């Protein structure tokens, strides 16, 4: 009788192990898919956050351009390269500042 009871216990232990292993085997792809979806969601939330920040910046810039002559002048000078009648513009090559800093650093040594 004791041997029959230990055989039943062993059979139940094997059965439970098989059920758990089958469950893991069946559920693992779903778990993996959930992890991938969570990662994609985090990326999209970060992108949404960046887009909201950009929207706020553009709304502020729009407000400034509508209400501040100084903001209009700044955009006209920096982006449109406009100048006043009595001003002269000197254009430097793009790498002129870098070359000047390198030359200055070399002279300091």
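Any read-out appearing in this document is the output of simple, stated calculations on the displayed coordinates, not a laboratory observation. The structure displayed is predicted, hence computed values, not measured ones. No Cβ is skipped: glycine too gets one built from the backbone with ideal geometry, and neighbour counts run over all protein chains shown.
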### Nearest 10 degrees, 0 to 90: helix 96-108 Cα axis against the chain principal axis
90
### Task
Neighbouring Cβ atoms within 10 Å as the yardstick, rank 75, 19 fewest first.
19, 75
### Task
Compute the long axis of helix 2-67 from its Cα atoms, compare it with the longest principal axis of the Cα atoms of the chain, and write down the angle in degrees, 0 to 90, nearest 10.
10
### Message
As a footprinting exposure proxy, order 28, 91 by other Cβ within 10 Å, with the fewest listed first.
### Response
91, 28
### Query
Only one of the listed values, (1) 1.83; (2) 2.66; (3) 1.26, was derived from the coordinates as Cα Rg over 2.2 N^0.38 Å; which label is it?
(2)
### Task
Return the whole-Å distance between the Cα centroid of the range 41-93 and the Cα centroid of the range 5-29.
65
### Message
For a distance above 17 Å, tell me the whole-number percent of Cα pairs in the range 61-109 that qualify.
### Response
58
